Amino acid sequence: MDDEIAHKSDRMSVSRRNFLRTIGWGSIVAFLSGSLLAVVRYLFPKVSYEPSPSFKVQTPEDYEIGTVVVDKPHKVFIVREENIIYALIAVCTHLGCTPRWFPDEGIFKCPCHGSRFYKNGINFYGPAPRPLDRAFITLAPDGRILIDTSKKFSSDGRSYGEGYLGDWKDPRSYLEV
Amino acid sequence: MGWIKKIKESRVWKSYFREEYDDTSRGRTRRILSNVWFHIHPAKISKKAINPSYTLCLGGISFLLFIILTVSGILLMFYYVPDVNRAYDDMLDLETVVPFGIPLRNIHRWAAHGMIIAVVGHMCRVFFTGAYKPPREFNWVVGVSLLLLTLLLSFTGYLLPWDQLAYWAITVGTNIASYAPVVGPKIRFLLLGGNTVGQNALIRFYVLHVILLPTLMMLLMILHFWRVRKDGFSRGL
């Protein structure tokens, strides 16, 4: 205490003991918190070996009018209507299960909680809060259809997470044929 | 070092570490008597407090089930490999070709269900008898953490059989987690090690299930039991 009073006028003075103690504890805390941050970063993988969200399917002529083609590995339903083709993302808007296409009934049913969707992706039964999302779709230079499921279009145009670009009126959400 | 003093005088610290021991014969004895390793039993205990009709032994049953789960879980690990190409077959092998595999798997499964029931029952008993009130308030907090860990252990174990039920349950469960504000999608990505339930998710859930969560649970259980014993059980009417 006496020391403190004696040195009060001299602002630069820190006792050697306090200096070393601060350095010591400081480096331990810095090391531990740095390590913790490194561990947290380590747990977020940088490279994904999942299939690419962007892929090519067949040419528009290969899809018959009125059909729904199920692309299982890429988890999309390719719907061919009279004038347009679009790709519905096969992820239920309730809790992310994969709905199944029933050709006889012409509807999608989700096995987890029983949501149902019409052929155009609009929900009409069960807990699903909104229609299925459409994926980005375009014609590649080689004439085949290019789909990118990381770019999504919700029916109302609102964003429900990452990668939502617009609504179903957006020309990138369907292909005119 | 003012903040160390501040921590030591805080309500949380004092609810765990009540006494300062001086260097006298009595202080040294108290130090041993209150040490979880040297003296897990309390020096004295009220007869009413350990009456089974009062505690229903629900905490003890939870702990017994935890031990059963640890032993049966370690045995299951000898046959189960957390690989997406093997996991389901390994689980079927345990049910069909491994000697005593079926009872072992069923013991693990039913003990897990039983532990949830016992833990929730224990919590109800503590609540209705008012045993959570000061000076035991922060042991209630530890108890809530233990309940959460029990549920997380159930959730992580759910994926391991790698069947349809497991796959979609974890799809749904992690999607629910992603509804958490701000950090939700990040938590989902961290849990799955990717965007879909795959090999990364399986190994993550396996490591959480067999190493991380049980270790955390044991550490908290030590704290929980130690405080229960040293505070003296709350007593019946």
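Within chain B, what is the longest stretch that has no trypsin sites (Lys or Arg not before Pro) placed in a DSSP loop and near at most 12 other beta-carbon atoms within 10 Å?
B:48-237
Whole-Hz ³J(HN,Hα) for each residue in segment A:129-146, computed from phi via Karplus 6.51 cos²θ - 1.76 cosθ + 1.60 with θ = phi - 60°, x for glycine and proline: what do you get?
Once θ is set to phi - 60°, the couplings for segment A:129-146 become x, 7, x, 4, 7, 8, 9, 4, 9, 7, 9, 6, x, 7, x, 8, 7, 10 Hz.
I'd like the per residue volume of the convex hull spanned by the Cα atoms of the protein assembly as shown, given in cubic angstrom.
So the per-residue hull volume is 256 Å³.
So what's the angle, to the nearest 10 degrees on a 0 to 90 scale, between helix A:16-42 and the longest Cα principal axis of chain A?
The two axes meet at around 10 degrees.
Over its Cα atoms, what ratio of radius of gyration to 2.2 N^0.38 Å does segment A:54-176 give?
With N residues counted in segment A:54-176, Rg over 2.2 N^0.38 Å equals 0.98.
Can you pull out the buried accessible area for chains A and B, both sides counted, probe 1.4 Å, rounded to the nearest 100 Å²?
Adding both sides of the contact gives about 1300 Å².
Could you give the Stokes-Einstein D for segment B:47-227 in µm² per second, using the C-alpha Kirkwood radius, 10 °C, 1.306 mPa s?
Translational D for this selection: 89 µm²/s.
Counting chymotrypsin sites (Phe, Trp or Tyr not before Pro) as exposed when in a DSSP loop with at most 14 other beta carbons within 10 Å, what is the longest stretch of chain A free of them?
A:50-159
Rounded to a whole number, what % of the accessible area of segment B:96-211 do carbon and sulfur atoms account for, probe 1.4 Å? Before the final figure, lay out each step's value.
Working: 4540 of 6070 Å².
Taking all protein chains in place, segment B:96-211 shows 75 percent carbon and sulfur surface.
Hey, what's segment B:47-227 come to in accessible area per residue, 1.4 Å probe, Å²?
On the way: 9830 Å² over 181 residues.
Counting only protein heavy atoms, the per-residue value for segment B:47-227 is 54 Å².
Roughly how many Å is it from the Cα centre of segment A:128-162 to that of segment A:26-76, as a whole number?
Comparing the Cα centres of segment A:128-162 and segment A:26-76, I get a distance of 16 Å.
How much accessible area per residue does chain A have, in Å², with a 1.4 Å probe?
Here the per-residue accessible area is 66 Å².
Summarise the accessible area of chain A (1.4 Å probe, protein heavy atoms) by the percent that is carbon and sulfur.
57 percent
Divide the volume of the convex hull of the Cα atoms of segment B:172-237 by its number of residues and quote the answer in cubic angstrom per residue.
147 Å³
What fraction of the Cα pairs in segment B:1-146, stated in percent, has a spacing above 22 angstrom? Before the final figure, lay out each step's value.
Working: 6517 of 10585 pairs.
Tail of P(r) above 22 Å: 62 percent of Cα pairs.
Quick one, could you list the DSSP H helices from chain B stretching 24 Å or more along their long axis (Cα atoms) with average Kyte-Doolittle hydropathy of -1.0 or above?
B:58-77, B:101-128, B:137-159, B:213-230
Excluding residue A:109 itself, what net charge comes from residues whose Cβ is under 11 Å from its Cβ, given Lys and Arg +1 and Asp and Glu -1?
Summing Lys/Arg as +1 and Asp/Glu as -1 gives +1.
Once the mean 1/r over all distinct Cα pairs of segment B:134-189 is inverted, what Kirkwood radius in angstroms do you read off?
13.0 Å
The values are calculated or read from the model by the stated rules, or taken from the named source; none is laboratory data. Computed from a predicted model, the values in this text were never measured in an experiment. In this analysis, Cβ positions are derived from the backbone assuming ideal geometry, glycine residues included, and neighbour counts consider all displayed protein chains. SASA here: full protein model, heavy atoms, side chains in, ligands and nucleic acids out. Shrake-Rupley method; radii C 1.70, N 1.55, O 1.52, S 1.80 Å.
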